[in-house]
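Scroll down for the structure; my scribbles are underneath it.
The values are calculated or read from the model by the stated rules, or taken from the named source; none is laboratory data. In this text, all values refer to a predicted model and were calculated from it rather than measured experimentally. All Cβ positions, even for glycine, are placed from backbone atoms using ideal geometry, and neighbour counts span all protein chains on display.
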């Protein structure tokens with residue numbers, strides 16, 4: 001076991017209703033929070049843009065956000081990267097796997113075709129942090145509500161987390177009723193809905209913390225008791241609001257040589 | 001709709017508008033098979049994740065001479081020309097379905113999730129001409145050699161053609177070795193094609209090999225006794241040989 005493996009904690013998932021570098025280009029609070037979950041001197045973060053078909057703009061935005069904060073790479077399942085390394089080698093050496101939004105239907109189908117679903121479950125069990133927004137957040141749960149094919153529909157996820165998850169609760173309010181109906185009928189198990197900017201942190205399968213990058217947002221816990229829905233509003237902690245708790249301990253503690261290495265790497269990437 | 005055409009597939013080892021800018025020979029060959037004044041051509045860029053620049057290049061190449069459209073499985077509500085509504089009805093009424101390159105594993109995963117594998121089989125049986133390069137070639141075969149992530153490996157394709165396939169045969173020497181080894185180990189015998197060479201199948205049988213480059217090659221790869229034999233196939237160069245010779249001289 002490497003030192004990196006020894007430093008890993010319990011299985012961790014950070015599920016965002018929306019937000020992070022693809023949706024909040026000027027607000028790094030959620031992405032900094034993701035890095036703060038890792039106790040490594042030079043965190044390794046891998047971006048999976050599969051759900052949107054690996055668009056260049058999304059990949060560029062990822063490096064823009066993370067290249068100076070971490071050892072950042074992305075994994076394309078559509079373009080050859082020329083590396084002879086296996087997917088297992090690439091994924092299991094990471095500290096964080098960050099999954100972008102898009103079509104959850106395509107995301108899961110393509111992961112399964114590459115057997116990446118099993119690999120990500122293994123990464124999770126080993127304590128590699130799984131983070132994501134929208135489709136990249138719902139995928140970890142038993143299910144959610146997607147608009148991959150146009151109209152909103154219930155979709156099954158990988159099931160690492162036992163509840164269901166509904167995203168963009170404030171940004172796309174038409175999702176919520178579809179989700180609530182599915183929970184009431186038992187088509188989906190009870191679970192959480194999150195506004196854009198809100199992230200739920202799970203250790204193991206237990207939800208331990210709710211944070212947000214935007215004031216005035218919330219998460220919702222919903223369970224079906226018989227045919228009745230029991231709703232419970234959760235107030236998130238606003239990130240960056242408490243100066244005694246800096247959101248980016250990892251980034252602040254970077255030694256000079258590592259910072260230089262990152263800048264060099266970023267410059268090489270820019271060519 | 002009955003096209004009156006037999007099932008046909010034109011599988012490029014590499015080439016066409018996305019790899020050979022300014023050389024329309026392979027694409028024109030496919031269009032000539034349609035026998036229509038203004039063929040209806042639909043582009044399927046799934047293997048590239050519906051890359052925008054790829055879709056744009058398709059329209060640039062084909063929209064003057066053809067009735068063009070494309071299928072987007074990632075961005076179904078965006079972009080002029082993207083098929084909306086009944087994808088099946090649209091695909092079954094095309095003359096040509098053109099599949100772009102990228103990852104064949106991602107391609108097949110996404111197609112199966114959307115039921116496109118079934119629709120494309122049906123289109124083929126009805127005489128819609130299927131073509132493509134790289135992943136867009138591999139996908140039609142029983143088995144395909146891909147080296148997208150890590151070492152070369154064999155994946156199952158849609159199986160319209162009961163052979164195996166290896167593309168970019170001239171591009172990477174290790175692929176050639178691996179393909180022969182795979183066939184020796186029990187992978188279905190099949191066909192390998194260089195960049196610029198295209199295998200034209202009518203029904204399940206190879207009818208002709210054409211090329212957009214004078215020296216592009218294609219091979220039948222099969223076991224014979226204890227060996228795996230690479231049998232060169234006759235290739236018809238689609239360009240003007242005389243003119244090319246003068247150009248070289």
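A few remarks follow.
- Residue B:137 being in contact with a helix residue (DSSP H, G or I) (Cβ under 8 Å, 6 or more places away or on another chain), in a helix (DSSP H, G or I) and modelled with pLDDT of 95 or more: no
- Residue satisfying all of: in segment B:97-107; facing chain A (nearest Cβ under 9 Å), within 14 Å of the chain's Cα centre (by Cα) and free of Cβ contacts under 8 Å to residues at least 60 places away in the same chain; nearest to residue B:43 (Cα to Cα) among these: B:102
- Exactly one residue among A:252, A:201, A:220 is at pLDDT below 95 and on the phi < 0 side of the Ramachandran plot, and that residue is A:252.
- Test for residue B:17: is it under 14 Å from the mean Cα position of the chain (by Cα) and under 30 Å from residue A:75 (Cα atoms): yes
- Checking B:112, B:125, B:118, B:94 one by one, the residue that is closer than 23 Å to residue B:205 by Cα and without any contact (Cβ under 8 Å) to a residue 24 or more places away in the chain is B:118 and no other.
- Selection status of residue A:57, closer than 25 Å to residue B:75 by Cβ and free of Cβ contacts under 8 Å to residues at least 60 places away in the same chain: yes
- Here residue B:73 qualifies as surrounded by 24 or more Cβ atoms within 10 Å (Cβ to Cβ) and more than 25 Å from residue B:188 (Cβ to Cβ).
- Residues that are more than 10 Å from chain B (Cβ to nearest Cβ), assigned to a helix (DSSP H, G or I) and either at positive phi or surrounded by fewer than 19 Cβ atoms within 10 Å (Cβ to Cβ) (or both), drawn from segment A:62-90: A:63, A:64
- Flag not set for residue A:114, criterion: at positive phi and touching a helix residue (DSSP H, G or I) at 6+ places or on another chain (Cβ under 8 Å).
- When A:167, A:99, A:154 are checked against the criterion of being away from every other protein chain (no Cβ under 14 Å), modelled with pLDDT of 95 or more and surrounded by fewer than 23 Cβ atoms within 10 Å (Cβ to Cβ), a single residue qualifies: A:154.
- Scanning segment B:43-77 for residues that are closer than 23 Å to residue A:51 by Cα and assigned to a strand (DSSP E or B) gives B:43, B:44, B:69, B:70.
- Taken together, the residues in segment A:28-57 that are within 14 Å of another protein chain (Cβ to nearest Cβ), under 15 Å from residue A:97 (Cα atoms) and assigned to a helix (DSSP H, G or I) amount to 2.
- Among the residues making up segment B:157-192, a single one is surrounded by fewer than 19 Cβ atoms within 10 Å (Cβ to Cβ) and in a strand (DSSP E or B): B:162.
- Scanning segment B:92-117 for residues that are part of a helix (DSSP H, G or I), in contact with a strand residue (DSSP E or B) (Cβ under 9 Å, 6 or more places away or on another chain) and more than 19 Å from residue B:69 (Cβ to Cβ) yields B:104, B:105, B:108.
- In segment A:195-212, the residues that are assigned to a loop (DSSP other than H, G, I, E, B) and either surrounded by 19 or more Cβ atoms within 10 Å (Cβ to Cβ) or free of Cβ contacts under 8 Å to residues at least 40 places away in the same chain (or both): A:195, A:196, A:197
A quick yes/no check of all residues on (1) over 14 Å from the mean Cα position of the chain (by Cα); (2) under 23 Å from residue B:22 (Cβ atoms); (3) within 11 Å of chain A (Cβ to nearest Cβ):
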site: B:38; (1), (2), (3): yes, yes, no
site: B:54; (1), (2), (3): yes, yes, yes
site: B:57; (1), (2), (3): yes, yes, no
site: B:74; (1), (2), (3): yes, no, yes
site: B:85; (1), (2), (3): yes, no, yes
site: B:93; (1), (2), (3): yes, no, no
site: B:111; (1), (2), (3): yes, no, yes
site: B:114; (1), (2), (3): yes, no, yes
site: B:118; (1), (2), (3): yes, no, no
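Let's see how each residue does on (1) within 20 Å of residue B:98 (Cα to Cα); (2) modelled with pLDDT of 95 or more; (3) away from every other protein chain (no Cβ under 14 Å):
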{"residue": "B:158", "(1), (2), (3)": "yes, yes, no"}
{"residue": "B:177", "(1), (2), (3)": "no, no, yes"}
{"residue": "B:196", "(1), (2), (3)": "yes, yes, yes"}
{"residue": "B:222", "(1), (2), (3)": "no, yes, yes"}
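- Selection count, segment A:9-26, where residues are surrounded by fewer than 19 Cβ atoms within 10 Å (Cβ to Cβ) and either closer than 19 Å to residue A:201 by Cα or modelled with pLDDT of 95 or more (or both): 2
- Whichever residue in segment B:140-156 is in a loop (DSSP other than H, G, I, E, B), over 17 Å from residue B:197 (Cα atoms) and in contact with a strand residue (DSSP E or B) (Cβ under 9 Å, 6 or more places away or on another chain) and, among such residues, is modelled with the lowest pLDDT: B:147
- Residue A:151 vs. criteria under 18 Å from residue A:191 (Cα atoms), out of contact with any strand residue (DSSP E or B) (no Cβ under 8 Å at 6 or more places or on another chain) and without any contact (Cβ under 8 Å) to a residue 12 or more places away in the chain: no
- Scanning segment A:102-112 for residues that are without any contact (Cβ under 8 Å) to a residue 60 or more places away in the chain and either away from chain B (no Cβ under 12 Å) or buried (at least 24 other Cβ atoms within 10 Å of the Cβ) (or both) turns up A:102, A:103, A:104, A:106, A:107, A:108.
- Of the residues A:179, A:192, the single one that is touching a strand residue (DSSP E or B) at 6+ places or on another chain (Cβ under 8 Å), surrounded by 14 or more Cβ atoms within 10 Å (Cβ to Cβ) and not in a strand (DSSP E or B) is A:179.
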